[in-house]
Every structure is written in structure tokens, then in C-alpha cells.
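J.: Pasting a structure below so you can have a look.
The values are calculated or read from the model by the stated rules, or taken from the named source; none is laboratory data. All of these numbers come straight from a predicted model, not from anything done at the bench. FYI the Cβ positions are ideal-geometry reconstructions off the backbone, even for glycines, and counts take in every protein chain you see. Quick note on the areas: whole protein, heavy atoms, side chains included, nothing else; ligands and nucleic acids left out. Shrake-Rupley method; radii C 1.70, N 1.55, O 1.52, S 1.80 Å.
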Amino acid sequence: MSPNTWVIEMPTEKSRSRPYPQRITPYRLHNPSRDAFTRTTDPSAATAPTKIIDLPVFEDIRTIMSVLKASGLMPIYEQVSDYEVGPPTKTNEFYSFFVRGVVHALTLFNIYSLFTPISAQLFYSYRETDNVNQWIELLLCILTYTLTVFVCARNTKSMLRIMNEILQLDEEVRRQFGAKLNENFGYSVKFLVGIAASQTYIIVLKIYAVKGAITPTSYVLLAFYAVQNGLTATYIVFASALLRIVYIRFNFINQLLTGYTYGQQQKPKQKRNHNGNFRAALMDNFPEDSLFIYRMHNKLLRIYKGINDCCNLILVSFLGYSFYTVTTNCYNLFVQITAKGMISPNILQWCFAWLCMHVSLLALLSRSCGLTTREANATAQILARVYAKAKEYQNIIDKFLTKSIKQEVQFTAYGFFAIDNSTLFKIFSAVTTYLVILIQFKQLEDSKVDDSIPGQT
């Protein structure tokens, strides 16, 4: 099963407290092998007792959530029920406060070390300009992680409220339609392993590049530098996973509405799904279903905005840091490739490791934001098709369409710019522009060095 698919488990008549609604049977299915909505048809599986999983919505991202809890970026919440979480206990709250205090103490120590000659051995390169670039990159890393810690501590209650709203929405879907949404976020664990491996590899390369014996202060700087980058990247993956959860629920209600777009088609041969059922929904159930869908859509928009409010400052800082890192590493690659002397394999591996990590994170974030925004805006377009097919229900649809016209659904970086599928292209366009400027400065520096050689001789 691909990461973008999920399963809807349909309970049997015996396991339900009320009869199964007939209107849930038809869905728009294109290809059974690639169907996003799959039903369990095995009778033995239907009669088997269902194992209750704690917080099934967040079960697939529990690894990332455990890392964020341990690092103090997420509250160590208490589980009240299968569809509700509570605030952390005093002990867990003290632990998070203590971890954040240690982080801020190490941050102050690292900033102090950057302005002293102790860290000079970590900035060895061939040009003075390159040393400044590395120094600025370290400062941006420290700033991004420190801001992430501050924002996460401030938004503890907001994050718990978002989680509870997602859980309550899933409970309403289960009661209304007898459906259970299960996610497959295997990619999040892969990203977590990739982040840890890349940071370890980068630090090893840095240690081998340093000349002479490395001081204990430099080891602290390198270790905390890797932790800062790793945890910031992990939080970006977590934010992308939250957006993917919202995307799945937007897509679920869009699939429900899509079934009604076929309800008024009078054709002799209607397409059937793999179970032999017609995929056109009964329009008689539209008034009842539409009220639930509108309410669900409004809740999803509130959750979508809540995630944006919790992450916008972090996203601004991370995008700025990623932009600078990608630019400087592309510049270092150009310098190494065009150098007259021997090419350094260490620097080449360093640059490629940074580029792979940041480009993959930017692509994941852009794709998650783009998919969720597209699904949120697609609801109005689907309803417009229903509007043209069911004249007797146009008054119901008018209210939603009127409200949708006034709402602009966008995931932004603190309102400065929207994050969507085009963000990665915009970043690389800006990187190309600044790379040309850096290359011109390098050529100017080389020309001054060449002019000074004849005068000295």
C-alpha cells in the first residue's frame, strides 16, 4: 500500500448499534487495484473481535511524536479515551520544561563559542568569504531551533486542541457512516531514519576535515548542531504528517460529494465498482448528508488554520535557513568543480548530504501543503457540479458556495507567501539568482588576487 492510500473498515450489522446506512455503499472508484477506499469483505475478518488501538489516528506517526515528546517540542499528553487526549501531568510538564531549559542553556553556550577563537578550527576553508558563510549558517541553525522550541512551548494547548478536534471528527465519521480512516505514514519513519543518518554522516565528515586535535568545546558545538538540525527537520516532517491527515479527511468528504454528481445521470449502463454496486449515491439522502459534510468541512478548515497558526513562525525560519543552506552548498559545489587544484571529496560529500536532506524536506512540505490546499478548495467545485444536477437542492448548496467564495484557503508562512506545490520551484529560482551573485563576487575576489601577484614579485 502506498503512503497516499488509506483503508475504510466497514463494520458488520452485528457490531453496529444501529442499522448500516445504505447511502455509504456507493463511491467513485476508478481502479480497484489503486482504489483509495477499500472495504473488508472477508466474513471471518468481519466477525473477529476488533482490537482497540489507542489513538488510531496518530498510531502511524507515534515514532516521530515520541522523539518530539522526548525533546520537549511536544507535550507528553494523557490519554482520556480513544477519541480524546488530556493535558500533561505535572511530572511530564516539569520534564518538558527542564529539557527546554537545557536546550536554551546550550544555545547560549554555542552562541558565546561562535564569537570566541575556540570555534575557529571548525571554520577552516580556502577563502575568507566561505568562513563567513559557514558562520552565518550556524547562526541560522541556532535561531531556527530556538524559535521552534519557543513556539512549541507557547502552542502546547493549541496542539492538544488540534489533536482532540481530529479525534472528535473521526468519532463523528464513525458514528455517521460506520467508517474508520486508517493512515499509512511509513514515509515519516523513513524520513526520520534519513535525517539521523545524514546528520551523523555530516558530523563525521566535519570531524575528519578539522586539522589537529578537536577540543571538547568543538565536540559540543558539533553534537548540538546535529541535534538542532535533526529535531527541526523532524518537526517539519511532523507538520507535514498533520497536513496529510487533514488532506485524507478533506478527500473523504469530497469522495462522498462526488458520488452525488453521478446521482442524476440517466444512462443505460452505469459503471460499477469491484463489489458490483452502483457508485451513484441516492439524492434523497443528500439533505441529511450535506449538513454533516458542511459541518465536517468547517471543522477541517479550523484544524487546517490551527496547524498553520502553530507552525507559521517555524516555517518562516526553516524556509529561510533551508534557502541559505541550499544556496551556499550549491556555491561550494561550483567552487570545487571549477577549482584549478585538487577537488576535495570531503567537501563534495558534505554539500551533497546537505542538499539531499533540505531538498527532500522542502519537497515533502510543499507537496503536503499543496495536496491539502487543493482538496480543501475542491469541495466547492464538486458542489458546483451537484448544483447543476439537483435543482431541488440548490438552496442548500447556495449557502455553502456563498461562504466558500469569501474564504481563501491557503497555507502560508506567517502570511508572507503561500506554501504549495510551486514553492520548491520558487526557492530554486531564487537560489539560482543568488548563486549568480555569489559567483560574480568570487570572480572579483580571484581577479584581485591575480592582480596583486605581479606587484609583489
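J.: Check region 393-400 and report whether any residue there is aliphatic (A, V, I, L, M), crowded, with 18+ Cβ neighbours inside 10 Å and in contact with a strand residue (DSSP E or B) (Cβ under 7 Å, 6 or more places away or on another chain).
T.: No: zero hits.
J.: Scan region 100-122 residue by residue and report those that are under 18 Å from THR156 (Cα atoms), buried (at least 16 other Cβ atoms within 10 Å of the Cβ) and not basic (Lys, Arg).
T.: Listed by number, the list holds a single entry, VAL103.
J.: I want to confirm something. Restricting to region 188-226 and keeping residues that are open to solvent by 40 Å² or more (accessible area, probe 1.4 Å) and among the hydroxyl-bearing types (Ser, Thr, Tyr), which single residue is farthest from the chain's Cα centre (by Cα)?
T.: The extreme case among them is THR215.
J.: Considering TYR304, TYR324, which residue is modelled with pLDDT of 95 or more and part of a helix (DSSP H, G or I)?
T.: The unique qualifying residue is TYR304.
J.: Count, please, the residues in region 174-230 that happen to be under 30 Å from PRO117 (Cβ atoms), in contact (Cβ under 8 Å) with a residue 60 or more places away in the chain and either touching a strand residue (DSSP E or B) at 6+ places or on another chain (Cβ under 6 Å) or part of a loop (DSSP other than H, G, I, E, B) (or both).
T.: Total meeting the criteria: 5.
J.: For region 411-427, indicate whether the set of residues that are without any contact (Cβ under 8 Å) to a residue 40 or more places away in the chain, surrounded by 19 or more Cβ atoms within 10 Å (Cβ to Cβ), touching a Leu at 6+ places or on another chain (Cβ under 7 Å) and not β-branched (Val, Ile, Thr) is non-empty.
T.: no
J.: Anything in region 401-410 that is open to solvent by 40 Å² or more (accessible area, probe 1.4 Å) and farther than 12 Å from ASN312 by Cβ? List them, or say none.
T.: THR402, LYS403, ILE405, LYS406, GLN407, GLU408
J.: List the residue pairs whose Cβ atoms are under 7 Å apart, where the first residue sits in region 324-336 and is over 14 Å from VAL359 (Cβ atoms), the second is outside any helix (DSSP H, G or I) and of a type in the set (A, V, I, L, M, F, W, C), and the two are 6 or more positions apart or on different chains.
T.: GLN336/ILE343
J.: Could I ask something else about it? If I filter region 139-181 down to residues being among the polar types (S, T, N, Q) and under 23 Å from ASN308 (Cα atoms), which single residue comes out as surrounded by the most Cβ atoms within 10 Å (Cβ to Cβ)?
T.: It comes out as THR148.
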